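Colleague: A single structure is presented below for examination.
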Amino acid sequence: MSSRQALDAKASSMMLILCVFWGLQQVVLKVAAADISPLMQLALRSGLSAVMVLPLLLLARNTQWASTEYLPAGILVGILFAAEFFMLGQAIQYTSASHVVVLLYTAPIFVALALHWKLPAERLSRLQWGGILLSFAGIAVTFLWRDTVQQESHQNFSQMLFGNLLALSAGILWAATTVAVRLSRLSEAPATQTLFYQLMGGFLILLPMAWWMGQAEIHWTALAIGSLIFHAVLISFISYLAWFWLLKQYLASSLGVFSFLTPLFGVLFGVWLLNESLSQSFMIGAVLVMLGVLMVNAQCWFKHKTQVLKRK
């Protein structure tokens, strides 16, 4: 396809469903944590998904996944992917799923900052700089503003802050993975190839880490099995392939605007399924972060719309 389409009802519906699933995944990790640790869930999810992606990779034409041309970059993104999910798995144990999903989805902010310095075509506009400043203000509010309710338990507050820091680190590592893909030969590789490198890196690194940290014990309950199926099949396999298909068919700038919905759904599911309480500082910080991410992603969408109107 030489040109990508603007979003239609089909693409919008698919993106809405994907955002619901992506917002739910951190909540499911925490729900099943009593039977299988988040770190072990992420390790097994990566391995199972890699097995499902491998046949697609082997059947694809002109795919040289073991080529020295792509392998060094593949190893790098595999390590970064594993590091991101290690931070995520630990963050879930210290802070709420709502906090994790909001801070994880600061990744587009760090991607935009990194590419601004590396690629002339990715220079930030005033709107995007405003979005970045707004997001950082939201992060600061989340970390530094302590509510009266939070002051009642210094230990719980300190634990929450540590978990928030781990979740933010996961967002930064996610951004680093995206930038590594964009600036390496993997930017020319099939999406399934890049996904396979990430999944295998996650499995090969996270599984030993889970054993080493004493987080490998599994109680094979229906909840644990359901969580693995949800993450391995729906998230790491079906949702990622659907996302890559959408990127090939539709404008990435229009798809990116939907990203602010994922943390919104994550917060809603955290409150609904986990009975998580939302402090005033977190709600204000989360709104600032999501608005900032929306402003950064919306710039490309506004630019495309302006070009379309000029052509008319």
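Every number in this text was worked out from the coordinates using simple rules, so none of it is lab data. Bear in mind the structure is a predicted one, so any value in this text is a computation, not a measurement. Ideal geometry is used to build each Cβ from the backbone, glycine not excepted, and the neighbour counts take in all protein chains shown.
Colleague: Pulled fully out, how much extra length does the chain show between F157 and W243, if you take 0.36 nm times their separation in residues and subtract their Cα-Cα distance?
Modeller: Numbers: separation 86, 0.36 × 86 = 30.96 nm, distance 3.65 nm.
Length gained, F157 through W243: 27.3 nm.
Colleague: Which of the peptides 79-90, 174-185 is most tightly packed, and how do the rest follow, judged by the mean count of other Cβ atoms within 10 Å per residue?
Modeller: Numbers: 79-90: 23.5, 174-185: 19.2.
Put in order of decreasing packing, that is 79-90, 174-185.
Colleague: A follow-up question, please. Across region 231-239, in residue order, what do the Karplus-derived ³J(HN,Hα) couplings come to in whole Hz, using 6.51 cos²θ - 1.76 cosθ + 1.60 with θ = phi - 60° and x for Gly and Pro?
Modeller: Going residue by residue, I get 6, 6, 8, 6, 7, 6, 10, 5, 5 Hz, with x marking Gly and Pro.
Colleague: Whole-Hz ³J(HN,Hα) for each residue in region 11-23, computed from phi via Karplus 6.51 cos²θ - 1.76 cosθ + 1.60 with θ = phi - 60°, x for glycine and proline: what do you get?
Modeller: Result, rounded to whole Hz: 5, 5, 5, 4, 5, 4, 5, 4, 5, 4, 4, 5, x.
Colleague: Another question about this same structure. Only one of the listed values, [x] 22.7; [y] 15.0; [z] 17.1, was derived from the coordinates as mean projected area of the Cα convex hull in nm²; which label is it?
Modeller: [z]
Colleague: Okay, helix-only estimate at 222 nm for the chain: each DSSP H run of n ≥ 4 adds -39500 (n - 2.57), divide by all residues, round to 500 deg cm²/dmol; what do you get?
Modeller: The helix contribution divided over the chain gives -25000 deg cm²/dmol.
Colleague: So, one more: Which one, F237, M295, L29, projects farthest toward the positive side of the charge dipole computed for region 9-311 from Cβ point charges (K/R +1, D/E -1)?
Modeller: So the residue furthest toward the plus end is M295.
Colleague: Would you kindly derive the ³J(HN,Hα) couplings of region 39-50 from the backbone phi angles with the Karplus curve 6.51 cos²θ - 1.76 cosθ + 1.60 (θ = phi - 60°), listing them in order in whole Hz, with x for Gly and Pro?
Modeller: 5, 5, 4, 5, 5, 5, 4, 5, x, 5, 5, 4
Colleague: Could you pull out every residue, at least 5 positions away or on a different chain, whose amide H is within less than 5 Å of the one on Y250? Hs are placed 1.01 Å off N in the peptide plane, and Pro or chain starts have none.
Modeller: Excluding prolines and chain starts, which carry no amide H, the hits are Q5.
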